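Here's the structure, in structure tokens; my notes come after.
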Amino acid sequence: MTTPFTSRTSLRPVSRDDDRELLYQIYASTRTEELSVVDWDDAQKETFLRFQFEAQRRYYEEQFPDAAFDIILHEGEPAGRLYIDRRDDEIRLVDIALLPDFRGRGLGGEILADLLGEGRGAGLPVRIHVEHNNPAMRLYLRLGFVKIEEQGVYHLMEWRPDAPGTAEGRA
């Protein structure tokens, strides 16, 4: 992104030695509810989560080699991750995830509004795969994303700068 979201929220590229553990913590925090119903002890859950995290990390790096992989900072503190693949024909929001302390505070909406502004300026759609049961689905719909394709447990969602209902004030 060309501009920080606010003076209190910014991005920095994933690159530091300690980023892998931070990224794991962000990933694991998104799976807590899902794993709460599994009859595994903490060690089994951690083993599973680390395996899934590494598989996802490798997949993203292989499938999106030109993507920007960033840490979201809020007031200098790590708040989440944002992975974006800017293509000639779209802006692909590969992944966005916030740590629990930063959820529900408008930070995700602020980041998405900035990304939609980038899409509007470039005349490009913004697309993201969203799990059917993801609580953020309400936010995506409110911002003007529409479901354009179903792929297993995911919806491919798209926001278009020229679509009805995507007026300047909405994003």
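Quick notes
- Residue ID - modelled with the lowest pLDDT, chosen from residues in region 3-58 that are open to solvent by 60 Å² or more (accessible area, probe 1.4 Å) and hydroxyl-bearing (Ser, Thr, Tyr): Thr3
- Whichever residue in region 143-161 is within 17 Å of the chain's Cα centre (by Cα) and open to solvent by 60 Å² or more (accessible area, probe 1.4 Å) and, among such residues, is farthest from Leu107 (Cα to Cα): Val153
- With respect to (1) over 14 Å from the mean Cα position of the chain (by Cα); (2) closer than 19 Å to Ser29 by Cβ; (3) outside any loop (DSSP other than H, G, I, E, B); (4) charged (D, E, K, R), the lone exception for Arg105 is condition (3).
- Taken over region 110-154, residues that are among the charged types (D, E, K, R) and closer than 16 Å to Asp95 by Cα amount to 4.
- The numbered conditions (1) open to solvent by 30 Å² or more (accessible area, probe 1.4 Å); (2) within 12 Å of the chain's Cα centre (by Cα) are all true for Gly80 except (1).
- Note on region 59-72: residues that are surrounded by 12 or more Cβ atoms within 10 Å (Cβ to Cβ) and free of Cβ contacts under 8 Å to residues at least 12 places away in the same chain amount to 1.
- If the condition is being closer than 21 Å to Leu112 by Cβ and among the hydrophobic types (A, V, I, L, M, F, W, C), then region 51-73 contributes Phe64, Ala67, Ala68, Phe69, Ile71, Ile72, Leu73.
- Exactly one residue out of Phe64, Phe102 is within 14 Å of Thr9 (Cα to Cα), aromatic (Phe, Trp, Tyr) and in contact with a strand residue (DSSP E or B) (Cβ under 8 Å, 6 or more places away or on another chain), and it is Phe102.
The values are calculated or read from the model by the stated rules, or taken from the named source; none is laboratory data. Keep in mind the model is a prediction, meaning the values are calculated, not measured. Quick reminder, even Gly has a Cβ in these numbers, built from the backbone with ideal geometry, and neighbours come from all protein chains shown. Only protein heavy atoms, including side chains, enter the accessible area calculation; ligands, DNA and RNA are left aside. Shrake-Rupley method; radii C 1.70, N 1.55, O 1.52, S 1.80 Å.
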